[in-house]
Amino acid sequence: MASFPSSASAALTATFKLQPQFRSHPPTSLPIEKSQNISFQKSNYFTDFAPKNLDFRQALSLAKEVTEVDSSFYFPLLQECLDRTSFSDAQAIHGHAIKTGAQEDVFVMSFLVNVYAKCGGMEAARKVFDNMPRRNVVGWTTLMVGYVQKMQPENAIHVFQEMLYAGSYPSNYTLAIVLSACTSMRSVKLGNQFHAFIIKYRIDFDTSICNALCSLYSKCGHLKLALRAFRRIKEKNVISWTAAISACGDNGDPTTGVRLFVDMLSEDTQPNELTLSSVLSQCCEILSLELGTQVHSLCSKLGYLSNLRIRNSLLYLYVKCGCIDEAQILFSGMDDVSLVSWNAMIAGHAQMMELTKDNISACHYGIEALKLFSKLHRFGMNPDLFTFSSALCVCSRMPALEQGEQIYAQAIKTGFLSEVVVGSSLINMYNKCGSIERASKAFLEMSTRTMISWTSMITGFSQHGRPQQALELFEDMKLTGVRPNAVTFVGVLSACRHAGMISEALTYFEIMQKDYKIMPVMDHYVCLVDLFVKYGRLDEALDMIKKMNFEPNEYILASLVAGCRSHSNLELGFQVAEQLLSLKPKDTETYLLLLNMYHSAERFEDVSRVRKIMKEEKIGKLNDCSWISIKETVYSFKSNDKEFPQSSLVYESLEVLISKAKNLGYEMLETMDISEEEEELSSTVIYHSEKLAITFGLENLPIWWPMRVVKSTLMCRDSHNFVKYVSTLTGREIIVKD
């Protein structure tokens, strides 16, 4: 291979100035060894006088007694040091080599440089290299490899400069190592210079060089250049394919990565565990369960199912695709389980809570996730920040404050509470569990606050009816220089809605668009429309809806219908309700809302018409369900339900509560519902599910313990009023999440 001309050396020198420790090594006139390849094979013998059955220690002891040996004596000993990663033994052999004059042998010294580098002694490796009488390409390259592996890529570049100054010939492998150094430095600029030299000397088709180029451009975020380097390779090996496939995954193009994998198989290249792990991750990204299961079969065929990396990738595939049962089977069959495996299963159950439409099932998935978190400790695993974050998210979804507090205590004990991700999850958990004071305390104790932390706290204050604190916190956020995002402004607008600050809300809405260049989304309009509706400004709500660049969703329409009903604009309410039905034609809740509006307006012909439509469309009973968690047990309730523990006691207590509430001014509002028998419409459901859940909680929770109930549908006005009266009567804190 032709050597780089002096211009190449000058170009590299212009990029990197030699550091003081390298200035002591000027260009030399030492004779250059031009042999480019050397192989250090592990030998089964030491010398003619060393019996074959001597072990390593015996050979070292024997060496001390010998003053004259052949240089081949050192290769098996040095190889043994390499296998043992024994720096001290390498030093002993080095001392013996000096004693016997073997330090003059370029091959022995090159091997010693490699041993010192692999054992972590880069200073010793450099010293040996500097004292070598002659230096071949193996010596230069070995030193560079050592610096790259020890995360000192700048030093590797300087060694390459010295090599050029000395007039030595870099091999293709040398250039690949230098490109790896550029990758470690994330220096695409320097990598481009090397790439230019490689193209100039027409070796840009070499497998090892192009593999390194592909990795360099991928790590620096240049996927097109990475794939271009890959396609230049004449003889692609499994490393080439893996580098290209991984590049696609790392740079957000999993579809191309999966296509490359298919091309790889069509060219009869057998993938290794890294290839399979990468392509499984990309199947996970695009939620391609069909292809993922085929890759699973291929892993089994090639014998990689025992590989922990592969099994963890399969776990995440099944979890992300919602196949929690398949993931559980795979997890249960794993002999070797890592923390990554546990995290996958906990996160998987947390995800199933979001995916399932059945709230009771969601709660059961949450319980399973928390059980896995407990088992993790019994198996001797220590949770990391991802484990704590997932577990706290589960507690926020259930909600389960008591379990969340226990996880919080463990996070403090293990030191992970200082992690921003864990701190933000803790704030979210307290917010969702209705404990805004603890959320505020956790926020103030955070050493570092990100945009997510600020947004979570602002949203928490808004949801808990503390709009002034939310807006003050938003102003503090701006003062600290943290840039808000679209979700932050949802919290701000929600705070304005709670406080009835219409003009301020419109001002923030304008600031969001003009100052922060954030385009409004549906959630922003929901807040504004709800604000106008709440204060009876229905015309302005309609004008806001007309200004939207997209069709209103069911939340906006439902808010408008409720506003029309509250402010006695029933004609507009009927029109909007009919529009809402076109969006959700099979929605029981929407039909009942429309039915109750017609009933309260005494438009009985329309009541009959809606009833007829409901029968024809086979609109079933409203899936009204509420639940409460007590001592790690979830109790669920349905309207007029009697199939739950202590049902007789609960009904008696509820009657007493209703009677006492009426004495304080509570008036029961009549509503329409579908009865259990033959799905006929009936009037007034007294025993709504949340009323039963609250009464059950009053009977079973300590008087000082806040009551947290979750309801699967929106709470009606009657229940909302009832809860306020019960809270006053009992002096209990009652939180209903609908």
Residue in region 100-107 that is in contact (Cβ under 8 Å) with a residue 40 or more places away in the chain and either open to solvent by less than 10 Å² (accessible area, probe 1.4 Å) or closer than 26 Å to S72 by Cβ (or both) present: yes
Selection from region 192-251 of residues that are of a type in the set (A, V, I, L, M), over 17 Å from P170 (Cα atoms) and open to solvent by 20 Å² or more (accessible area, probe 1.4 Å): L223, L225, V238, I239, A243
Extreme residue, farthest from F550 (Cα to Cα), among residues of region 498-521 that are assigned to a helix (DSSP H, G or I) and open to solvent by less than 50 Å² (accessible area, probe 1.4 Å): A499
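Would you confirm, using the coordinates I've provided, whether R378 is open to solvent by 40 Å² or more (accessible area, probe 1.4 Å), touching a Cys at 6+ places or on another chain (Cβ under 9 Å) and at pLDDT below 90? I'd like the intermediate steps shown before the answer.
Details: open to solvent by 40 Å² or more (accessible area, probe 1.4 Å): yes; touching a Cys at 6+ places or on another chain (Cβ under 9 Å): no; at pLDDT below 90: yes.
No, not satisfied.
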Selection count where residues are modelled with pLDDT of 90 or more and buried (at least 19 other Cβ atoms within 10 Å of the Cβ), scope region 453-477: 16
Which listed residue, of C564, C527, is within 23 Å of R603 (Cβ to Cβ) and crowded, with 21+ Cβ neighbours inside 10 Å: C564
Number of the exception - G167 against (1) in contact with a helix residue (DSSP H, G or I) (Cβ under 8 Å, 6 or more places away or on another chain); (2) in a loop (DSSP other than H, G, I, E, B): (1)
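From T183, T256, grab the single residue that is open to solvent by less than 50 Å² (accessible area, probe 1.4 Å), β-branched (V, I, T) and more than 20 Å from V148 (Cα to Cα).
Values: T183 fails: more than 20 Å from V148 (Cα to Cα).
Selected residue: T256, the only one of T183, T256 that is open to solvent by less than 50 Å² (accessible area, probe 1.4 Å), β-branched (V, I, T) and more than 20 Å from V148 (Cα to Cα).
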Where a residue in region 502-517 is under 15 Å from E540 (Cα atoms) and its partner, wherever it lies, is open to solvent by 70 Å² or more (accessible area, probe 1.4 Å), with Cβ under 8 Å and at least six apart: I502/Y535; I502/R537
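May I ask you to verify whether N623 is modelled with pLDDT under 75, open to solvent by 30 Å² or more (accessible area, probe 1.4 Å) and either hydrophobic (A, V, I, L, M, F, W, C) or not in a strand (DSSP E or B) (or both)?
Numbers: modelled with pLDDT under 75: yes; open to solvent by 30 Å² or more (accessible area, probe 1.4 Å): yes; either hydrophobic (A, V, I, L, M, F, W, C) or not in a strand (DSSP E or B) (or both): yes.
In short, yes.
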Residue match in region 388-401 (condition: modelled with pLDDT of 90 or more and under 18 Å from V487 (Cβ atoms)): yes
Yes/no for Y430 being closer than 17 Å to M457 by Cα and open to solvent by less than 50 Å² (accessible area, probe 1.4 Å): yes
Qualifying residues in region 300-348 (those that are of a type in the set (D, E) and assigned to a helix (DSSP H, G or I)) - the one surrounded by the most Cβ atoms within 10 Å (Cβ to Cβ): E326
Scan of region 386-397 for residues that are open to solvent by 10 Å² or more (accessible area, probe 1.4 Å) and out of contact with any His (no Cβ under 9 Å at 6 or more places or on another chain), ordered by number: F386, S389, C393, R397
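Mind checking whether some residue in region 70-87 is touching a Leu at 6+ places or on another chain (Cβ under 6 Å), farther than 29 Å from S184 by Cα and in a helix (DSSP H, G or I)? Give the derivation first.
Going residue by residue through region 70-87, those that are touching a Leu at 6+ places or on another chain (Cβ under 6 Å) are none.
Within region 70-87, none of the residues are touching a Leu at 6+ places or on another chain (Cβ under 6 Å), farther than 29 Å from S184 by Cα and in a helix (DSSP H, G or I).
Rundown of residues vs (1) in a helix (DSSP H, G or I); (2) more than 16 Å from N431 (Cα to Cα), yes/no style:
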site: K357; (1), (2): no, yes
site: C363; (1), (2): yes, yes
site: E368; (1), (2): yes, yes
site: P383; (1), (2): no, yes
site: T387; (1), (2): yes, yes
site: C393; (1), (2): yes, no
site: S396; (1), (2): yes, no
site: Y408; (1), (2): yes, no
site: I412; (1), (2): yes, yes
Matching residues, region 170-180, being open to solvent by 10 Å² or more (accessible area, probe 1.4 Å), of a type in the set (S, T, Y) and in a helix (DSSP H, G or I): Y173, S180
Every residue from region 707-738 that is open to solvent by 30 Å² or more (accessible area, probe 1.4 Å), part of a loop (DSSP other than H, G, I, E, B) and either among the small types (G, A, S) or touching an Asp or Glu at 6+ places or on another chain (Cβ under 7 Å) (or both): S712, L714, M715, G731
Selection from region 108-155 of residues that are farther than 19 Å from Q79 by Cα and part of a loop (DSSP other than H, G, I, E, B): N131, M132, P133, R134, K150, M151, Q152
Residue in region 539-549 that is within 32 Å of the chain's Cα centre (by Cα), open to solvent by less than 60 Å² (accessible area, probe 1.4 Å) and free of Cβ contacts under 8 Å to residues at least 40 places away in the same chain present: no
Single residue of region 433-445 satisfying the filter (in contact with a Leu (Cβ under 9 Å, 6 or more places away or on another chain) and either in a loop (DSSP other than H, G, I, E, B) or open to solvent by 30 Å² or more (accessible area, probe 1.4 Å) (or both)) that is nearest to V634 (Cα to Cα): C433
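The values are calculated or read from the model by the stated rules, or taken from the named source; none is laboratory data. None of these values were measured; they are calculated from a predicted model. Neighbour counts run over all protein chains shown; Cβ positions are idealised from the backbone, glycine included. Accessible surface is based on the protein model in full, side chains and every heavy atom, while ligands, DNA and RNA are left aside. Shrake-Rupley method; radii C 1.70, N 1.55, O 1.52, S 1.80 Å.
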